[in-house]
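The next block holds one structure in the form of structure tokens; read it before the comments.
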Amino acid sequence: MRDWEANIRKVTPYVPGEQPKRTDVIKLNTNENPYPPSPKVAEALRQISAEPMRKYPDPEARMLVEAIAREEGVCPEQIFVGVGSDDVLAMIFLTFFNSQKPILFPDITYSFYDVWADMLRIPYEQQPLDKDFEIVARDYDKENGGVIFPNPNAPTGALLGLETIDDILSHNQDVIVVVDEAYIDFGGSTCTGLLDHYENLIVVKTFSKSRSMAGMRIGYAIAGEKLIRYLSDVKYSFNSYTMNQTAIALGTEAALDHAYFEETRQKIIATRENAKKELKKLGFSFPDSQANFLFVTHKRVPAAELFAALKEQGIYVRYFNKPRIDNYLRITIGTDEEMGRLFEFLREYL
Ligand SMILES: *Cc1c(COP(=O)(O)O)cnc(C)c1O
């Protein structure tokens, strides 16, 4: 081995769900929204011209920040935007998780957390979910360098109530606590109301799921002004211009169209509740998801087999070949028609 090889930052990267080249698939594998973005987004896109692209974008993305602040009922100084919440979360790890003590997160959770921790050499300890795949609040009472978990959790869909989040925060007031609310709009209550009580809380949200804009890459953090300033200092030391003009303009339209947002999220909630009934009838069990996906296991047929059979039919779902969850499939909630075709195939196959 050459000397230079010893000094490489070697990492095991995150593996995203497959984005198939075929267009005839029913794509229920990466938790995208089956509905298009707000019609206001399409309208704004038609107005965009190429000429302003010679200039750098607004580094503060002020227009987008203000629209998000209005929607969240906070002041613009409490919002930090990034290229998807993955960018925002990576900046949070870099800025706030600098202790020698391990950060804590669940053993079954968003599989990017351990990737960032490894990449940034942050020690971590994973806390096992209980047998029903629930987060155990008491596991987060120990000394740590920070806490992060999604609510609802992924890929389980299980939701923690605000009392439990308050409980975890009250036992962790000397570290940064991050609540990743990528799926909160599909049934849970946001914990942004706790920001007034806990200056160490950061809530992270995304336009990728409930606002149907995964392809535009927009995410944000909501926290006290002081934490947002620390986060911005690190971001501006890294890359000032992460948000491009188009993302800023189109994200603003999406954030302002509250009526469309309500309409699509209610449709997905209704489809999910119906899917719970249908899948139960077919012999599946699952945690009671409040997200836009269900994490299912079948009483008879192994998940790996079902995954392959579904894929063969052009129905893509997500399978994680990992301890404790290798007999589960994560099925994103699609349109009623897509779900109908899934049930139809399962009825026949099973
Ligand atoms: C989808 C997801 C994200 C990241 O989404 P972006 O597209 O980067 O905004 C973050 N956390 C969880 C738990 C997710 O499922």
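Miscellaneous remarks
- Here the dipole of region 224-311 is about 560 debye; that uses its Cα centre as origin and unit charges on the Cβ of Lys and Arg (positive) and Asp and Glu (negative).
- Over all other residues within a Cβ to Cβ distance under 9 Å of LEU256, the charged ones net out to -1, with Lys and Arg as +1 and Asp and Glu as -1.
- Surface accessible to a 1.4 Å probe, SER49 within the full protein complex, Å²: 70
- Computed [θ] at 222 nm, helices only, for the chain once each DSSP H run of length n ≥ 4 contributes -39500 (n - 2.57): -11000 deg cm²/dmol
- Of THR206, THR156, THR242, the one that fluctuates the most in a GNM where the chain has Cα springs shorter than 10 Å: THR242
- Within region 77-158, trypsin sites (Lys or Arg not before Pro) in DSSP loop having at most 13 other beta-carbon neighbours inside 10 Å: ARG121, LYS131, LYS142
- Dividing the mean sequence gap of close Cα pairs (under 8 Å, 6+ apart) by how many residues the chain holds gives a relative contact order of 24 percent.
- Per residue, the accessible area of the chain comes to 48 Å², computed with a 1.4 Å probe over protein heavy atoms only.
- The aspartates and glutamates whose alpha-carbon is closer than 14 Å to the alpha-carbon of LYS276, local same-chain residues fewer than 8 away aside, are ASP288, ASP336.
- With K and R counted +1 and D and E -1, the other residues having a Cβ less than 13 Å from that of VAL115 yield a net charge of 0.
- Rounded, prolate or oblate (a/c below 1.5 giving rounded, otherwise prolate when a/b exceeds b/c) for region 289-350 by Cα gyration tensor: oblate
- Within the accessible area of the chain (1.4 Å probe), percent carbon and sulfur: 50
- Most mobile of GLU253, GLU134, GLU18 in a GNM of the chain (Cα contacts under 10 Å): GLU18
- Summing charges over all other residues whose Cβ lies under 9 Å from the Cβ of ILE79, with Lys and Arg as +1 and Asp and Glu as -1, gives -3.
- Heavy atoms of THR12 accessible to a 1.4 Å probe, total area in Å² rounded to 10: 120
- Long pairs among LYS101/LYS209; LYS40/LYS226; LYS21/LYS277; LYS277/LYS311, criterion Cα-Cα beyond 26 Å: LYS101/LYS209; LYS40/LYS226; LYS21/LYS277
- Among the trypsin sites (Lys or Arg not before Pro) in region 1-90, those placed in a DSSP loop whose Cβ has at most 13 other Cβ atoms within 10 Å are ARG2, ARG9, LYS10, LYS21, ARG22, LYS55.
- The antiparallel fraction among DSSP beta bridges confined to the chain stands at about 50%.
- Protein-only accessible surface order, largest first, of SER237, SER232 at 1.4 Å: SER237, SER232
- Order of exposure, largest accessible area first, which applies to VAL88, VAL115 with probe 1.4 Å: VAL115, VAL88
The values are calculated or read from the model by the stated rules, or taken from the named source; none is laboratory data. On a predicted model such as this, the values are computed, not experimentally measured, just so you know. For neighbour counting, all protein chains shown are included, and Cβ atoms are generated from backbone atoms with ideal geometry for every residue, glycine included. Please note that ligands, DNA and RNA were not included when accessible areas were found on the heavy atoms of the full protein model with its side chains. Shrake-Rupley method; radii C 1.70, N 1.55, O 1.52, S 1.80 Å.
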